[in-house]
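Step one of this worksheet: look at the structure below.
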Amino acid sequence: MSESFSVESRLVHAGVGRSAGQPATPPLVPASIFVSWGDPQPGRGYGREGNPSWEALEAALGGIEQAEAVVFASGQAASTALLLALAGERKHVVLPSDGYYGTRVLTGKLRPYGVIPVHVDQQDLTAVRAALAAAPSVLWAETPTNPLLRVTDLARLGEIAAAAGTPLVVDNTVATGLLQRPLDWGAAASLYSLTKASSGHSDLLLGAVVSRDPGLLGELRAWRSAAGGIPGPFEAWLALRGLKTLPLRISRQAQNAQAIAEHLATHPRVRAVHYPGLLTGVAREAAARQMPDGFGPLLSFELDPPKTAGAAGAAKAADTVVTSSALIVPATSFGGVESTWERRARWASETAPEGLIRLSAGVEPAADLIADIDRALEVL
Ligand code: PLP
């Protein structure tokens, strides 16, 4: 569809042909083989090379950032392919010290193959510059971070990466391409777990890399075919269906998250709330510049448990609160239409504070969510 239409219109019509007799909805193509003989046609021989259901999803996803997308079986499969594609010559991977723990686990697992993870507070741009000067590197950023929702200035990171000749990757899972466009700030690639808000219904796992670099895109496709981290056609079809309503969902979720964050910031049982929409000063300027249309569905907060709660009080209080809701689902992950929350440090490799609760705002009315949170906090 013509790029003169808005991204919202292009997503609604994604994957649909306009000739007479074609289905007016995207077809699901569950095929492991395609009719073929002679010289293989790219993507149309064996199902590990390509599938029309992935290609429709890739076209829609790439269109959000005026780029091309390569989809994978999960966010982690996408991250693995991206690291393998980029880290060959550049062994150091400079990661945020407070980002998604799965990326720390993955880069740690790649150590025996020569990858050296370097953990840096990426809000400290002097430290980022020093890390890149130390060795040929990949700069792996995440903003806002999961689960502390810290914002890094993408314009500055892009400049620092370009000056160092370093490819910048941004894990854009929390914001989605609708709210933040890392490629416009100099990133070589945006990384997505499509499992979250991009698909939005908590019914699949998928991942993607979006880039404007033909060489990198080719490498990613080659790694996908060779390693086999391919999406299932049904998951790709579901994800495209979800993507069509992403603009509506993400806007409502960001409004809900903002309302909840503001409410929690004045709650007597809460001592800290983490949400980009509550930032002030320079951090607020960066957040507003790179996320002009909203700050996403995810926030986190820390409780002020009663003194009588004991040493493990913060964790115990958080566990009690997340099981006391009647509407918000106690569950991991984020970005679905249903609101969810969890005590994040229950995961072994997580470095978040013991009592931190991560909340993903769904699309329910904000008043219902706030009433549910207040009732749950009353158990303290
Ligand atoms: N990136 C972020 C920020 C995530 O939160 C996650 C999953 O929670 C991933 C990547 C990995 O995605 P997946 O679970 O789809 O493999």
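One table, with the values for the structure above:
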quantity: Qualifying position, being open to solvent by 10 Å² or more (accessible area, probe 1.4 Å), among the acidic types (D, E) and more than 29 Å from R241 (Cα to Cα), among E354, E338, E364; calculated: E354
quantity: Some residue of the range 258-269 being in contact (Cβ under 8 Å) with a residue 60 or more places away in the chain and in a loop (DSSP other than H, G, I, E, B); calculated: yes
quantity: Tally, over the range 65-86, of residues that are more than 16 Å from the ligand (Cβ to nearest atom) and open to solvent by less than 10 Å² (accessible area, probe 1.4 Å); calculated: 1
quantity: Some residue of the range 223-232 being part of a helix (DSSP H, G or I), assigned by TED's automatic domain parsing to the domain that holds S53 and free of Cβ contacts under 8 Å to residues at least 12 places away in the same chain; calculated: yes
quantity: Residue list for the range 118-128, restricted to those being surrounded by fewer than 17 Cβ atoms within 10 Å (Cβ to Cβ) and more than 20 Å from the chain's Cα centre (by Cα); calculated: D124, L125, T126, A127
quantity: Selection from the range 188-215 of residues that are among the aliphatic types (A, V, I, L, M) and open to solvent by 10 Å² or more (accessible area, probe 1.4 Å); calculated: A188, L204, L205
quantity: Cross-chain or 6+ apart pairs with Cβ under 6 Å, the range 270-295 first and more than 14 Å from Q258 (Cα to Cα), then among the aromatic types (F, W, Y); calculated: V270/F301
quantity: Scan of the range 19-32 for residues that are open to solvent by 80 Å² or more (accessible area, probe 1.4 Å) and either basic (K, R) or under 14 Å from I230 (Cβ atoms) (or both), ordered by number; calculated: P30
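The values are calculated or read from the model by the stated rules, or taken from the named source; none is laboratory data. Since the structure is predicted, the reported quantities are computational estimates derived from the model, not experimental observations. Don't worry about glycine lacking a Cβ; one is built from the backbone with ideal geometry, like all the others, and counts go over all protein chains shown. Protein only, heavy atoms only, side chains kept; ligands, DNA and RNA dropped before computing areas. Shrake-Rupley method; radii C 1.70, N 1.55, O 1.52, S 1.80 Å.
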